[in-house]
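Structure first, commentary second.
The values are calculated or read from the model by the stated rules, or taken from the named source; none is laboratory data. Please read these numbers as outputs of a predicted model, since none were measured by experiment. Here the Cβ positions follow ideal geometry from the backbone for every residue, glycine too, while neighbour counts run over all protein chains shown. Protein only, heavy atoms only, side chains kept; ligands, DNA and RNA dropped before computing areas. Shrake-Rupley method; radii C 1.70, N 1.55, O 1.52, S 1.80 Å.
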Amino acid sequence: MKKTYGSLCVVSFSTLACLSLSVHAQTLSFTDVTVSSGVETWQQMPADTPMAIMVAGGASGDFNNDGWQDLFIISGGLIPDKLYINNHDGTFTDQAAQWGLGTPHRGMGASVADFNNDGWLDIYLTSQGNSDQNPASGVHRLYKNNGNGTFTDIAVAAGVNYCSANPDGFGSAWGDYDLDGDLDLFVTTYSGQNQGNRLFQNNNDETFTDITVSSGLDSMIPTNMSGFVPGFVDMDRDGDMDLLIIADHGSSMYFQNNGDGSFTDATASVQGLSSANGMGSAVGDVNNDGLLDWYASSSYYDFINGPGNLLMVQNPDNTYTNIAFEAGVKDGGWGWGVLIVDLDNDGDNDLVETNGWSGEWVNEQSYLYLNDSNAVFTEVATQVGFLHNFEGRGLINFDYDNDGDQDLAIFTFHGDMKLYRNDLTGKSTNWLRVNLNTAARNSLAPDGLGSFIKATMNQQTHTECIDGGFNHLSQGEIGAHFGFGTTQTIDALQVRWNDGTFTTLVDVPVNQILTVTAPFHPADLNNDNTVDMADYFTFVNGWVASSLTSDTNGDSVLDVLDFFTFVRQYASN
């Protein structure tokens, strides 16, 4: 049943039982549903593809806007890519050929975003060209979603087909780095023979301009960077999106956005970052202090006790401390894709990592680290049925069956892709999924990328950012997932939009998929697409009633500053 009212779109599940890990009144378990769900497929690249051993990826997204997550899988080139459309019953149907994705190619990595702000998710692929031709450069693909069940590759016309003179290209990520309301693109390359790590600025006309040089990144990124995973996230909470790049051979970097089109190299502020052989990347709050932390996979060698994974916890001064050893997550073998996600809905974010390489790391298991509520983790993968002993590369989380817990997919090098359904049960597993709709305000990035969502209940807060779900050659669902344990109602749910304005909802029930819609103007408090005296009365009524719906400056306190903020917003109409 779907209800729409005001700025809310709610999907409720009246038959959904409250979910919840055995020691906390929850029982977490996973079931391999690859075959029964209809997504059984495999990945293999032609033998002459450079760097093929590091590749396998895909992405989730609601490509047909029906409210259910679909799954795109890069096959590698010997068979066509797969576009599995969700059938709403736990199964999928491959419609790649019908949607125009039926040509086999040497696909590397995938990312998903509504790059042209038309309401439909598009797909960007790094590629080395068609499988019946030699590996080539300049053949990346931007599949524009036509909104009618088809895609059209417009990469050449858009100017994002080329990154490097070599057949190369790995990860890609989307973010509104210049805060103009459209999504920009960063693409990494690995070979290190030329500067192929590129920033493309969206021109808002379905074309892009390579601004790697003018942004200053070209002079700061070394030619030998072996780039794997880029990501745009406002790590320092100053309103603009910073650039994170996880790379091999100790070449990972962190760039703070200066807000004027340029960046500052802040790599030295992140302990351990420049020494890791980085492969996977994920961002989230692992200790519930409201600050974003950063998890990166690396290779671990027993004979030197390292270098190992990084769990970089943010300090109040925007520096980062690597606590991977203390947290119990340093030795993850030869890691690739990683996640920060609350899998047992207990209110603490857990960690997931997939692994594998030649030598001692062949047939290594993937790992699942449950958060013991203090950023110390217990590895439980085999106990909960998360069994993957192949060469995993990409890794994503998405709630494909809309039951409120996060499912997992692993993209395997030269092997079968795997889908694991989360079968969480128990009495302490309440949840909330939040999607953001920014269609009414063109100054905001599509789907709220760059926005923060803060949930407050029982004097506790949980914070999630909308970062697009980037990972090694892969991308999970766009949106925020919260686990709330026994909590039944969220006292306040605050959205900080990426233009610095706020929307706050109060008394929000749990166990629902919630869409929060940004009003066309910050002062449109009653969401009727006009700014008039009715909004003034809405503000006053909320303020008099001590309702945080009138918290216009986002400080979670109602005072005269909210009045001044509202007046300023009202006058700007």
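Of note, Gly181 does not satisfy the criterion of being open to solvent by less than 10 Å² (accessible area, probe 1.4 Å), within 17 Å of Ala155 (Cα to Cα), not hydrophobic (A, V, I, L, M, F, W, C) and not in a strand (DSSP E or B). What do you reckon, is Asn345 open to solvent by 20 Å² or more (accessible area, probe 1.4 Å) and either within 21 Å of the chain's Cα centre (by Cα) or at pLDDT 95 or above (or both)? No, not satisfied. Please determine whether any residue of the range 62-84 is farther than 21 Å from Gln406 by Cα, open to solvent by 10 Å² or more (accessible area, probe 1.4 Å) and β-branched (Val, Ile, Thr). Yes, the range 62-84 has at least one match.
Within the range 144-177, the set of residues being in a strand (DSSP E or B) and either aliphatic (A, V, I, L, M) or more than 27 Å from Asp240 (Cα to Cα) (or both) comprises Asn145, Phe151, Thr152, Asp153, Ala173.
On the basis of being of a type in the set (A, V, I, L, M, F, W, C) and farther than 18 Å from Gly290 by Cβ, does Val557 make the cut? Steps first, answer last, please.
On the way: of a type in the set (A, V, I, L, M, F, W, C): yes; farther than 18 Å from Gly290 by Cβ: no.
No: the conditions fail for Val557.
Suppose the filter is within 24 Å of the chain's Cα centre (by Cα), farther than 15 Å from Asp184 by Cα, open to solvent by 10 Å² or more (accessible area, probe 1.4 Å) and modelled with pLDDT of 95 or more; does Asn146 pass it? Yes, satisfied. Among the residues of the range 47-60, those that are open to solvent by less than 20 Å² (accessible area, probe 1.4 Å) and outside any strand (DSSP E or B) comprise Thr49, Ala52, Met54, Val55, Ala56, Gly57.
Mind listing whichever residues of the range 403-421 are open to solvent by 10 Å² or more (accessible area, probe 1.4 Å) and not basic (Lys, Arg)?
Of the range 403-421, the ones open to solvent by 10 Å² or more (accessible area, probe 1.4 Å) are 403, 413-416, 418, 421.
Asp403, Phe413, His414, Gly415, Asp416 - these are the residues of the range 403-421 that are open to solvent by 10 Å² or more (accessible area, probe 1.4 Å) and not basic (Lys, Arg).
Taken over the range 471-497, the residue count meeting the criterion of being touching a Gly at 6+ places or on another chain (Cβ under 9 Å), over 20 Å from Val283 (Cα atoms) and outside any strand (DSSP E or B) is 1. All told, Gly468 meets the bar of being among the small types (Gly, Ala, Ser) and assigned to a loop (DSSP other than H, G, I, E, B). Set side by side, the residues Pro135, Pro167 differ, and just one is open to solvent by 10 Å² or more (accessible area, probe 1.4 Å), under 27 Å from Val213 (Cβ atoms), out of contact with any helix residue (DSSP H, G or I) (no Cβ under 9 Å at 6 or more places or on another chain) and modelled with pLDDT under 95, which is Pro167.
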